[in-house]
């Protein structure tokens, strides 16, 4: 049995940042990171970027920590191992090889897994997800010999994968269950801007459709849609969301909802156990609501705050989260909480036909979030409006005026 002062489940950016922060504040406490991947920390952001996929940059750029870093900082990396059970009373975590690790303080930074696709024939070769470095390696290899690809789902992953596949010279078809791209997170005008960019880039979109069956021997060769269309394909890339692998956490007595429940200090409801990253569902003191966010900057900053709190600090997590991507000649940004709801006023900013359009979501007179297409120059200002809880009641007209300088709301 191993015994450590700080045990971190998850070797991604949240877990590794927490370990680094702990070591900066506790030079002697033993630290162990359990990672279900066989690798040291790498950039998940780079996984969906064309330059990496098309091998235009050295593969080595994927690594964010050099191999000796762990030993130099006296951090034990238990790579290629999974946590399978938790006993918070005994303060023990059991791994899939039967090993038990006893801890004083525990961080659950378990991340997320790609949601698996269950259609008829989905077990054939040639079907890919993008979440891990091994996933990316498999897609990079398949791209070299593929002519026709099908992308499943409307979101960041599908958008970025369509861009990469087209740059690789592959015919791409996009299958959407919904009536427009990113429904219902985006409104229809926003979705149509993205679709026009996709179609101009050569992507064929099938709306209100699902794959009924995948045809082929052991490898996918063709898909049949529920409306009867047949699409030839050498490969399929599935992006239908993320699920968090924490059934063992729940079985161990930790409260979960969509994510692992935590307060603003990232503490769970059990003593000496924190959570951070994509799997954390926490009290957001800026937005005044419980939030779960899946992006790199958020995970990195949560790892830092969790690490500080594990060494005895008392810092709340406070960050306006954002995510940006670009492809097909457009840029897309989400900032804050962009989920639509009956309690939110959605104000369009600009004209969709202009190709530059935003939506600002307001609740109780304060901005909660925004979606921006070709308006990322406003991301920083909107972040400040959210962070400072600036009241925008009475300024709805200005928020909807694309020519109005939003900075005036901060200074005024």
- Item | Matching residues, the stretch 181-192, being under 21 Å from the mean Cα position of the chain (by Cα) and within 14 Å of residue 204 (Cα to Cα) | 181
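Give the residue that is nearest to residue 310 (Cα to Cα), with candidates limited to residues of the stretch 235-266 that are crowded, with 20+ Cβ neighbours inside 10 Å and touching a helix residue (DSSP H, G or I) at 6+ places or on another chain (Cβ under 8 Å).
So in the stretch 235-266, the residues crowded, with 20+ Cβ neighbours inside 10 Å come out as 235-239, 244, 246, 249, 252, 254, 259-260, 262, 266.
Within this subset, residues satisfying the condition of being touching a helix residue (DSSP H, G or I) at 6+ places or on another chain (Cβ under 8 Å) are 235, 237, 239, 260, 266.
Numbers: 235: 45, 237: 39, 239: 35, 260: 17, 266: 10 Å.
Among those residues, the one meeting the criterion is 266.
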- Message: Exactly one condition in (1) touching a strand residue (DSSP E or B) at 6+ places or on another chain (Cβ under 9 Å); (2) surrounded by fewer than 24 Cβ atoms within 10 Å (Cβ to Cβ); (3) in a loop (DSSP other than H, G, I, E, B) is false for residue 283; which is it?
- Response: (3)
- Message: Being in a strand (DSSP E or B), under 26 Å from residue 142 (Cβ atoms) and either within 25 Å of the chain's Cα centre (by Cα) or at pLDDT below 95 (or both): is that true of residue 205 here?
- Response: yes
- Note on the structure: Residue hits (the stretch 144-170; part of a loop (DSSP other than H, G, I, E, B), out of contact with any helix residue (DSSP H, G or I) (no Cβ under 9 Å at 6 or more places or on another chain) and buried (at least 19 other Cβ atoms within 10 Å of the Cβ)) are 153
- Query: In the stretch 281-300, which residues are under 24 Å from residue 44 (Cα atoms) and touching a residue at least 60 places away in the same chain (Cβ under 8 Å)?
  - Reply: 294, 296, 299, 300
- Message: Suppose we keep only residues that are touching a residue at least 40 places away in the same chain (Cβ under 8 Å), within 16 Å of the chain's Cα centre (by Cα) and part of a loop (DSSP other than H, G, I, E, B) within the stretch 256-280. Which one would you say is nearest to residue 316 (Cα to Cα)?
- Response: 276
- Just for the stretch 117-143: of the residues that are farther than 12 Å from residue 239 by Cβ and under 18 Å from the mean Cα position of the chain (by Cα), which one is surrounded by the fewest Cβ atoms within 10 Å (Cβ to Cβ)? 134
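Filter the stretch 195-219 down to residues that are touching a helix residue (DSSP H, G or I) at 6+ places or on another chain (Cβ under 7 Å) and more than 19 Å from residue 117 (Cβ to Cβ) and give me whichever is surrounded by the fewest Cβ atoms within 10 Å (Cβ to Cβ).
Among those that are touching a helix residue (DSSP H, G or I) at 6+ places or on another chain (Cβ under 7 Å) and more than 19 Å from residue 117 (Cβ to Cβ), it is 202.
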- Please determine, by comparing only the residues of the stretch 86-113 that are assigned to a loop (DSSP other than H, G, I, E, B) and under 21 Å from the mean Cα position of the chain (by Cα), which one is modelled with the lowest pLDDT. 112
- Message: Considering only residues that are touching a residue at least 40 places away in the same chain (Cβ under 8 Å) and in a strand (DSSP E or B), which ones fall in the stretch 58-85?
- Response: 75, 76, 77, 78, 79, 83, 84, 85
- Only one of 51, 73 that is out of contact with any strand residue (DSSP E or B) (no Cβ under 6 Å at 6 or more places or on another chain) and loosely packed, with under 14 Cβ neighbours inside 10 Å: 51
- Message: I'm trying to understand the selection: among the residues of the stretch 215-255, which are closer than 17 Å to residue 109 by Cα and free of Cβ contacts under 8 Å to residues at least 12 places away in the same chain?
- Response: 247, 250
- Name the residues in the stretch 114-141 that are within 26 Å of residue 55 (Cβ to Cβ) and either free of Cβ contacts under 8 Å to residues at least 12 places away in the same chain or assigned to a strand (DSSP E or B) (or both), would you? 114, 125, 127, 128, 129, 137, 138, 141
- For residue 180, all conditions in the list (1) closer than 25 Å to residue 333 by Cβ; (2) surrounded by fewer than 16 Cβ atoms within 10 Å (Cβ to Cβ) hold save one; what is the number of the exception? (2)
- Scan the stretch 5-44 residue by residue and report those that are part of a helix (DSSP H, G or I) and touching a helix residue (DSSP H, G or I) at 6+ places or on another chain (Cβ under 6 Å). 13, 14, 17, 18, 21, 22
- Residue among 253, 217 that is assigned to a loop (DSSP other than H, G, I, E, B), under 30 Å from residue 141 (Cβ atoms) and either more than 16 Å from the chain's Cα centre (by Cα) or modelled with pLDDT under 95 (or both): 217
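The values are calculated or read from the model by the stated rules, or taken from the named source; none is laboratory data. Every value quoted in this text rests on a predicted model; they were computed, and no experiment measured them. Ideal geometry is used to build each Cβ from the backbone, glycine not excepted, and the neighbour counts take in all protein chains shown.
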